[in-house]
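Single-structure report; data block below.
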Amino acid sequence: MENISPTLLLLMEVRAALECGTSVRTGIKQFLSSNETSINDLVAKWILYIDQNQDTTQLLRSSSSCRRTLFTILEKGLNGVPILPFLVELEIEVLKSCESELYERVNKLPFKLMLPVFFLMFPAYLILLLGPFIETLLSNL
Amino acid sequence: MIIFFTFLSFGLLFVNRIVQIQLNRKTLPEAILKSTIKKIILFFWMIVCFSPWTPVLISLFFVILLLFVVFRLEFILNIILRRQFIPNMLQFLDELTLLMTSGKSFNESFRTITLNSNHYFHIKLREINTVQLLNVHSPTISQKEFSLFNQILYLIDKNPHLAVEKIKSYRRLLHIQYVFKKKLQQKSYQIKVQALILSFLYFGLLIFLNFNHTKIAISHLGLSLTLFFSGLLSLYLIGRDTKWKT
(Lines give C-alpha, C1' and ligand atoms only; values in the text may rest on other atoms or scores of the structure.)
Protein backbone atom coordinates (compact mmCIF):
# COMPACT_ATOMS: atom_id res chain seq x y z
CA MET A 1 0.00 0.00 0.00
CA GLU A 2 1.26 3.46 -0.83
CA ASN A 3 2.12 5.62 2.16
CA ILE A 4 -0.22 8.36 1.12
CA SER A 5 -3.35 8.43 -0.99
CA PRO A 6 -2.47 9.44 -4.57
CA THR A 7 -5.47 11.79 -4.63
CA LEU A 8 -4.12 13.62 -1.61
CA LEU A 9 -0.64 13.68 -3.11
CA LEU A 10 -1.90 15.19 -6.36
CA LEU A 11 -3.94 17.76 -4.46
CA MET A 12 -0.98 18.77 -2.33
CA GLU A 13 1.40 18.97 -5.29
CA VAL A 14 -1.00 21.25 -7.19
CA ARG A 15 -1.59 23.33 -4.06
CA ALA A 16 2.16 23.66 -3.50
CA ALA A 17 2.62 24.68 -7.13
CA LEU A 18 -0.08 27.34 -6.86
CA GLU A 19 1.36 28.65 -3.59
CA CYS A 20 4.75 28.90 -5.29
CA GLY A 21 3.22 31.01 -8.01
CA THR A 22 3.23 28.39 -10.77
CA SER A 23 0.27 27.04 -12.75
CA VAL A 24 -2.05 24.07 -12.19
CA ARG A 25 -0.54 22.34 -15.21
CA THR A 26 2.96 22.68 -13.69
CA GLY A 27 1.67 21.12 -10.46
CA ILE A 28 0.16 18.19 -12.36
CA LYS A 29 3.37 17.74 -14.37
CA GLN A 30 5.36 17.85 -11.14
CA PHE A 31 3.12 15.14 -9.69
CA LEU A 32 3.53 12.95 -12.75
CA SER A 33 7.29 13.33 -12.91
CA SER A 34 8.19 12.90 -9.26
CA ASN A 35 5.71 10.21 -8.15
CA GLU A 36 4.91 6.70 -9.28
CA THR A 37 1.38 6.18 -8.03
CA SER A 38 -1.57 4.08 -9.12
CA ILE A 39 -3.32 7.10 -10.66
CA ASN A 40 -0.45 8.35 -12.83
CA ASP A 41 -1.96 6.76 -15.95
CA LEU A 42 -5.38 8.12 -15.11
CA VAL A 43 -4.02 11.65 -14.62
CA ALA A 44 -2.03 11.49 -17.86
CA LYS A 45 -5.11 10.27 -19.76
CA TRP A 46 -7.32 12.87 -18.08
CA ILE A 47 -5.07 15.77 -19.04
CA LEU A 48 -4.96 14.46 -22.61
CA TYR A 49 -8.78 14.35 -22.69
CA ILE A 50 -8.91 17.91 -21.35
CA ASP A 51 -6.44 19.11 -23.98
CA GLN A 52 -8.51 17.46 -26.71
CA ASN A 53 -11.77 18.94 -25.28
CA GLN A 54 -13.21 15.47 -24.69
CA ASP A 55 -15.70 14.47 -22.02
CA THR A 56 -13.95 13.00 -18.93
CA THR A 57 -17.05 11.65 -17.15
CA GLN A 58 -16.58 8.16 -18.54
CA LEU A 59 -12.90 8.15 -17.55
CA LEU A 60 -13.60 9.12 -13.94
CA ARG A 61 -16.69 6.93 -13.49
CA SER A 62 -14.94 4.31 -11.37
CA SER A 63 -13.05 6.87 -9.23
CA SER A 64 -14.02 7.84 -5.69
CA SER A 65 -16.10 10.97 -5.01
CA CYS A 66 -13.06 12.80 -3.57
CA ARG A 67 -11.02 12.06 -6.69
CA ARG A 68 -13.85 13.13 -8.99
CA THR A 69 -14.24 16.41 -7.06
CA LEU A 70 -10.52 17.05 -7.29
CA PHE A 71 -10.49 16.49 -11.05
CA THR A 72 -13.50 18.80 -11.45
CA ILE A 73 -11.68 21.54 -9.52
CA LEU A 74 -8.47 20.96 -11.49
CA GLU A 75 -10.40 21.23 -14.75
CA LYS A 76 -11.67 24.62 -13.61
CA GLY A 77 -8.11 25.58 -12.69
CA LEU A 78 -6.87 24.61 -16.13
CA ASN A 79 -9.54 26.87 -17.60
CA GLY A 80 -8.18 29.81 -15.66
CA VAL A 81 -10.46 29.88 -12.60
CA PRO A 82 -8.63 30.58 -9.29
CA ILE A 83 -8.91 27.32 -7.37
CA LEU A 84 -6.56 27.63 -4.40
CA PRO A 85 -9.31 28.22 -1.75
CA PHE A 86 -11.25 25.21 -3.08
CA LEU A 87 -8.13 23.05 -2.92
CA VAL A 88 -7.47 24.09 0.69
CA GLU A 89 -11.01 23.09 1.66
CA LEU A 90 -10.89 19.86 -0.31
CA GLU A 91 -7.57 18.93 1.30
CA ILE A 92 -9.22 18.92 4.73
CA GLU A 93 -11.98 16.67 3.43
CA VAL A 94 -9.58 14.29 1.69
CA LEU A 95 -7.41 14.10 4.81
CA LYS A 96 -10.45 13.16 6.91
CA SER A 97 -11.49 10.58 4.35
CA CYS A 98 -7.97 9.06 4.26
CA GLU A 99 -7.80 8.90 8.04
CA SER A 100 -11.16 7.17 8.30
CA GLU A 101 -10.16 4.71 5.57
CA LEU A 102 -6.93 3.90 7.36
CA TYR A 103 -8.74 3.58 10.71
CA GLU A 104 -11.23 1.19 9.13
CA ARG A 105 -8.46 -0.94 7.65
CA VAL A 106 -6.52 -1.11 10.92
CA ASN A 107 -9.71 -2.13 12.73
CA LYS A 108 -10.47 -4.88 10.24
CA LEU A 109 -6.92 -6.19 10.26
CA PRO A 110 -7.14 -8.60 13.27
CA PHE A 111 -10.12 -10.36 11.69
CA LYS A 112 -8.38 -10.59 8.33
CA LEU A 113 -5.29 -12.01 9.99
CA MET A 114 -7.32 -14.68 11.77
CA LEU A 115 -8.47 -16.25 8.49
CA PRO A 116 -5.13 -17.65 7.25
CA VAL A 117 -4.23 -18.65 10.80
CA PHE A 118 -7.43 -20.67 11.28
CA PHE A 119 -7.76 -22.16 7.82
CA LEU A 120 -4.14 -22.73 6.83
CA MET A 121 -1.69 -22.51 9.71
CA PHE A 122 -3.74 -24.20 12.42
CA PRO A 123 -4.37 -27.31 10.21
CA ALA A 124 -0.63 -27.35 9.45
CA TYR A 125 0.09 -27.59 13.20
CA LEU A 126 -2.58 -30.25 13.66
CA ILE A 127 -1.21 -32.41 10.85
CA LEU A 128 2.25 -32.18 12.36
CA LEU A 129 1.04 -33.03 15.89
CA LEU A 130 -1.71 -35.55 15.28
CA GLY A 131 -0.51 -37.07 11.97
CA PRO A 132 1.79 -39.71 13.55
CA PHE A 133 -0.85 -40.71 16.16
CA ILE A 134 -3.60 -41.11 13.59
CA GLU A 135 -1.27 -43.12 11.41
CA THR A 136 -0.40 -45.46 14.31
CA LEU A 137 -4.08 -45.73 15.23
CA LEU A 138 -5.06 -46.65 11.69
CA SER A 139 -2.28 -49.22 11.34
CA ASN A 140 -3.38 -50.86 14.64
CA LEU A 141 -6.93 -51.17 13.36
CA MET B 1 46.85 -18.77 25.14
CA ILE B 2 49.08 -15.68 25.40
CA ILE B 3 50.29 -16.20 21.83
CA PHE B 4 46.70 -16.48 20.66
CA PHE B 5 45.67 -13.21 22.35
CA THR B 6 48.76 -11.48 20.98
CA PHE B 7 47.85 -12.60 17.46
CA LEU B 8 44.25 -11.57 18.01
CA SER B 9 45.25 -8.11 19.24
CA PHE B 10 47.56 -7.60 16.25
CA GLY B 11 44.78 -8.81 13.95
CA LEU B 12 42.30 -6.34 15.40
CA LEU B 13 44.84 -3.52 15.16
CA PHE B 14 45.37 -4.47 11.52
CA VAL B 15 41.60 -4.39 10.89
CA ASN B 16 41.39 -1.01 12.62
CA ARG B 17 44.10 0.32 10.32
CA ILE B 18 42.23 -0.95 7.20
CA VAL B 19 39.06 0.69 8.51
CA GLN B 20 40.81 4.02 8.93
CA ILE B 21 42.39 3.87 5.46
CA GLN B 22 39.06 2.97 3.86
CA LEU B 23 37.25 5.79 5.65
CA ASN B 24 39.89 8.31 4.60
CA ARG B 25 39.78 7.08 1.02
CA LYS B 26 36.00 7.57 0.88
CA THR B 27 36.49 11.14 2.15
CA LEU B 28 33.53 10.85 4.44
CA PRO B 29 34.00 13.38 7.22
CA GLU B 30 32.58 10.97 9.73
CA ALA B 31 34.62 11.46 12.87
CA ILE B 32 31.82 9.96 14.90
CA LEU B 33 31.81 6.87 12.74
CA LYS B 34 35.56 6.37 13.18
CA SER B 35 35.33 6.53 16.95
CA THR B 36 32.29 4.23 16.88
CA ILE B 37 34.22 1.65 14.86
CA LYS B 38 37.07 1.85 17.37
CA LYS B 39 34.59 1.21 20.19
CA ILE B 40 33.06 -1.70 18.27
CA ILE B 41 36.49 -3.28 17.76
CA LEU B 42 37.21 -2.97 21.48
CA PHE B 43 33.82 -4.48 22.30
CA PHE B 44 34.44 -7.42 19.94
CA TRP B 45 37.86 -7.96 21.48
CA MET B 46 36.25 -8.16 24.94
CA ILE B 47 33.61 -10.62 23.68
CA VAL B 48 36.24 -12.78 22.02
CA CYS B 49 38.39 -12.82 25.18
CA PHE B 50 35.62 -13.70 27.60
CA SER B 51 33.33 -15.84 25.49
CA PRO B 52 33.26 -19.61 26.06
CA TRP B 53 32.85 -20.31 22.32
CA THR B 54 35.63 -20.94 19.86
CA PRO B 55 37.40 -17.56 19.84
CA VAL B 56 38.92 -17.95 16.37
CA LEU B 57 35.52 -18.48 14.74
CA ILE B 58 33.98 -15.55 16.58
CA SER B 59 36.86 -13.24 15.79
CA LEU B 60 36.75 -14.29 12.12
CA PHE B 61 33.01 -13.61 12.00
CA PHE B 62 33.39 -10.15 13.51
CA VAL B 63 36.36 -9.27 11.30
CA ILE B 64 34.40 -10.24 8.17
CA LEU B 65 31.39 -8.29 9.45
CA LEU B 66 33.51 -5.23 10.13
CA LEU B 67 35.23 -5.37 6.76
CA PHE B 68 31.85 -5.71 5.05
CA VAL B 69 30.56 -2.67 6.95
CA VAL B 70 33.60 -0.63 5.99
CA PHE B 71 33.78 -1.60 2.32
CA ARG B 72 30.05 -1.13 1.87
CA LEU B 73 29.87 1.90 4.15
CA GLU B 74 28.31 4.27 1.64
CA PHE B 75 25.70 1.67 0.69
CA ILE B 76 24.75 1.14 4.36
CA LEU B 77 24.68 4.87 5.05
CA ASN B 78 22.39 5.39 2.05
CA ILE B 79 19.95 2.79 3.39
CA ILE B 80 19.89 4.56 6.76
CA LEU B 81 19.50 7.88 4.96
CA ARG B 82 16.51 6.61 2.99
CA ARG B 83 14.84 5.23 6.11
CA GLN B 84 15.39 8.39 8.12
CA PHE B 85 14.81 10.81 5.25
CA ILE B 86 11.46 12.31 6.28
CA PRO B 87 12.24 12.92 10.02
CA ASN B 88 15.66 14.37 9.12
CA MET B 89 14.24 16.58 6.41
CA LEU B 90 11.40 17.77 8.69
CA GLN B 91 13.91 18.75 11.35
CA PHE B 92 16.10 20.48 8.77
CA LEU B 93 13.15 22.40 7.30
CA ASP B 94 12.04 23.51 10.78
CA GLU B 95 15.51 24.86 11.53
CA LEU B 96 15.65 26.51 8.10
CA THR B 97 12.27 28.23 8.55
CA LEU B 98 13.24 29.43 12.03
CA LEU B 99 16.49 30.97 10.76
CA MET B 100 14.77 32.53 7.77
CA THR B 101 12.02 34.09 9.86
CA SER B 102 14.73 35.55 12.10
CA GLY B 103 15.91 37.58 9.11
CA LYS B 104 18.63 35.48 7.48
CA SER B 105 18.58 34.73 3.76
CA PHE B 106 17.87 31.25 2.43
CA ASN B 107 21.46 30.53 1.39
CA GLU B 108 22.87 31.85 4.65
CA SER B 109 20.43 29.75 6.73
CA PHE B 110 21.16 26.70 4.59
CA ARG B 111 24.90 27.11 5.08
CA THR B 112 24.56 27.78 8.84
CA ILE B 113 22.77 24.47 9.39
CA THR B 114 24.78 22.24 7.08
CA LEU B 115 28.29 23.66 7.15
CA ASN B 116 29.44 22.60 10.62
CA SER B 117 27.51 19.38 10.79
CA ASN B 118 28.95 15.87 10.49
CA HIS B 119 25.52 14.35 9.98
CA TYR B 120 25.43 12.28 6.79
CA PHE B 121 22.10 13.84 5.81
CA HIS B 122 23.58 17.33 6.05
CA ILE B 123 26.59 16.24 4.00
CA LYS B 124 24.21 15.11 1.26
CA LEU B 125 22.31 18.42 1.44
CA ARG B 126 25.58 20.30 1.16
CA GLU B 127 26.43 18.24 -1.90
CA ILE B 128 23.05 19.10 -3.48
CA ASN B 129 23.57 22.79 -2.80
CA THR B 130 27.04 22.74 -4.34
CA VAL B 131 25.74 20.86 -7.37
CA GLN B 132 22.97 23.42 -7.73
CA LEU B 133 25.51 26.25 -7.68
CA LEU B 134 27.92 24.58 -10.11
CA ASN B 135 25.12 23.18 -12.30
CA VAL B 136 26.60 19.67 -12.64
CA HIS B 137 25.12 16.19 -12.34
CA SER B 138 25.30 14.27 -9.07
CA PRO B 139 24.08 10.77 -8.11
CA THR B 140 22.50 12.17 -4.92
CA ILE B 141 20.05 14.24 -6.93
CA SER B 142 18.93 11.22 -8.90
CA GLN B 143 17.91 9.64 -5.57
CA LYS B 144 14.11 9.68 -5.49
CA GLU B 145 13.92 11.29 -2.04
CA PHE B 146 16.04 14.28 -2.96
CA SER B 147 14.54 14.97 -6.40
CA LEU B 148 11.62 17.05 -5.10
CA PHE B 149 13.85 18.96 -2.70
CA ASN B 150 16.21 19.69 -5.57
CA GLN B 151 13.34 21.08 -7.64
CA ILE B 152 12.30 23.25 -4.69
CA LEU B 153 15.86 24.56 -4.39
CA TYR B 154 15.75 25.37 -8.10
CA LEU B 155 12.44 27.25 -7.68
CA ILE B 156 13.79 29.14 -4.66
CA ASP B 157 16.83 30.09 -6.71
CA LYS B 158 14.51 31.51 -9.40
CA ASN B 159 12.09 33.23 -6.96
CA PRO B 160 13.94 33.89 -3.68
CA HIS B 161 11.10 36.03 -2.28
CA LEU B 162 8.84 32.93 -2.12
CA ALA B 163 11.36 30.75 -0.26
CA VAL B 164 9.49 30.49 3.06
CA GLU B 165 6.17 29.63 1.39
CA LYS B 166 7.82 26.93 -0.70
CA ILE B 167 9.58 25.42 2.27
CA LYS B 168 6.40 25.47 4.32
CA SER B 169 4.34 23.77 1.61
CA TYR B 170 7.06 21.14 1.14
CA ARG B 171 7.17 20.61 4.90
CA ARG B 172 3.39 20.13 5.04
CA LEU B 173 3.58 17.53 2.27
CA LEU B 174 6.35 15.65 4.07
CA HIS B 175 4.61 15.86 7.44
CA ILE B 176 1.39 14.33 6.11
CA GLN B 177 3.39 11.58 4.38
CA TYR B 178 5.20 10.90 7.65
CA VAL B 179 1.96 10.70 9.69
CA PHE B 180 0.39 8.23 7.26
CA LYS B 181 3.58 6.21 7.00
CA LYS B 182 3.69 5.84 10.79
CA LYS B 183 0.08 4.70 10.88
CA LEU B 184 0.68 2.17 8.12
CA GLN B 185 3.80 0.91 9.86
CA GLN B 186 1.68 0.03 12.89
CA LYS B 187 -0.33 -2.28 10.66
CA SER B 188 2.69 -3.91 9.03
CA TYR B 189 4.40 -4.48 12.41
CA GLN B 190 1.35 -6.39 13.62
CA ILE B 191 1.50 -8.69 10.60
CA LYS B 192 5.27 -9.16 10.85
CA VAL B 193 5.14 -10.05 14.55
CA GLN B 194 2.31 -12.51 14.00
CA ALA B 195 4.16 -14.19 11.10
CA LEU B 196 7.37 -14.34 13.12
CA ILE B 197 5.79 -15.90 16.21
CA LEU B 198 3.85 -18.47 14.18
CA SER B 199 6.97 -19.44 12.18
CA PHE B 200 9.01 -19.71 15.35
CA LEU B 201 6.40 -22.00 16.94
CA TYR B 202 6.06 -24.11 13.80
CA PHE B 203 9.75 -24.72 13.29
CA GLY B 204 10.23 -25.21 17.03
CA LEU B 205 7.60 -27.93 16.93
CA LEU B 206 9.24 -29.48 13.89
CA ILE B 207 12.63 -29.59 15.66
CA PHE B 208 11.04 -30.94 18.85
CA LEU B 209 9.34 -33.77 16.95
CA ASN B 210 12.60 -34.55 15.16
CA PHE B 211 14.49 -34.77 18.47
CA ASN B 212 11.73 -36.94 19.92
CA HIS B 213 12.25 -39.39 17.03
CA THR B 214 8.60 -39.10 16.06
CA LYS B 215 8.17 -40.49 12.58
CA ILE B 216 6.24 -38.14 10.34
CA ALA B 217 5.16 -39.43 6.96
CA ILE B 218 6.59 -37.45 4.05
CA SER B 219 3.09 -36.84 2.68
CA HIS B 220 1.96 -35.41 6.05
CA LEU B 221 5.06 -33.25 6.32
CA GLY B 222 4.64 -32.00 2.76
CA LEU B 223 0.98 -31.17 3.29
CA SER B 224 1.71 -29.44 6.59
CA LEU B 225 4.55 -27.36 5.09
CA THR B 226 2.42 -26.42 2.08
CA LEU B 227 -0.42 -25.29 4.32
CA PHE B 228 1.92 -23.36 6.58
CA PHE B 229 3.68 -21.53 3.76
CA SER B 230 0.33 -20.77 2.10
CA GLY B 231 -0.68 -19.20 5.41
CA LEU B 232 2.50 -17.11 5.47
CA LEU B 233 1.90 -16.05 1.88
CA SER B 234 -1.68 -15.04 2.75
CA LEU B 235 -0.38 -12.96 5.66
CA TYR B 236 2.07 -11.27 3.31
CA LEU B 237 -0.69 -10.56 0.78
CA ILE B 238 -2.94 -9.13 3.51
CA GLY B 239 -0.02 -6.92 4.53
CA ARG B 240 0.44 -5.64 1.01
CA ASP B 241 -3.26 -4.85 0.80
CA THR B 242 -4.90 -3.04 -2.07
CA LYS B 243 -4.84 0.53 -3.26
CA TRP B 244 -6.33 3.56 -1.53
CA LYS B 245 -10.05 4.00 -2.18
CA THR B 246 -9.92 7.75 -1.52
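What the table shows:
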item: Within segment B:186-203, considering residues that are among the β-branched types (Val, Ile, Thr) and surrounded by fewer than 11 Cβ atoms within 10 Å (Cβ to Cβ), the one modelled with the highest pLDDT; result: B:ILE197
item: Condition check for B:TYR236: touching a residue at least 12 places away in the same chain (Cβ under 8 Å) and in contact with a Leu (Cβ under 8 Å, 6 or more places away or on another chain); result: no
item: Residues of segment B:156-185 classified as within 22 Å of the chain's Cα centre (by Cα) and facing chain A (nearest Cβ under 7 Å), total; result: 6
item: Segment B:165-179 residues that are under 15 Å from A:LEU95 (Cβ atoms), paired with ones that are open to solvent by 60 Å² or more (accessible area, probe 1.4 Å) and not in a helix (DSSP H, G or I) (beta carbon under 8 Å, 6 or more apart); result: B:GLN177/A:ASN3
item: Qualifying positions in segment B:108-132 - of a type in the set (S, T, N, Q), assigned to a helix (DSSP H, G or I) and either open to solvent by less than 30 Å² (accessible area, probe 1.4 Å) or touching a residue at least 12 places away in the same chain (Cβ under 8 Å) (or both); result: B:SER109, B:THR112, B:THR114, B:ASN129, B:GLN132
item: Members of segment B:213-237 found to be at the interface with another protein chain (Cβ under 7 Å from one of its Cβ atoms), open to solvent by less than 80 Å² (accessible area, probe 1.4 Å) and not hydrophobic (A, V, I, L, M, F, W, C), listed by number; result: B:THR214, B:HIS220, B:SER224, B:SER230, B:GLY231, B:SER234
item: Residues of segment B:204-242 classified as under 16 Å from A:LEU120 (Cα atoms) and among the small types (Gly, Ala, Ser), total; result: 5
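Yes/no matrix, rows are residues, columns are (1) acidic (Asp, Glu); (2) modelled with pLDDT of 75 or more; (3) closer than 20 Å to B:ILE167 by Cβ:
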position: B:PRO29; (1), (2), (3): no, no, no
position: B:VAL48; (1), (2), (3): no, no, no
position: B:PHE68; (1), (2), (3): no, no, no
position: B:ILE79; (1), (2), (3): no, yes, no
position: B:LEU93; (1), (2), (3): no, yes, yes
position: B:ARG126; (1), (2), (3): no, yes, yes
position: B:GLN132; (1), (2), (3): no, no, yes
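The values are calculated or read from the model by the stated rules, or taken from the named source; none is laboratory data. Bear in mind that the values here come from a model prediction, so they are computed numbers and not experimental data. Virtual Cβ from ideal backbone geometry, glycine too; neighbours counted across all protein chains shown. Protein only, heavy atoms only, side chains kept; ligands, DNA and RNA dropped before computing areas. Shrake-Rupley method; radii C 1.70, N 1.55, O 1.52, S 1.80 Å.
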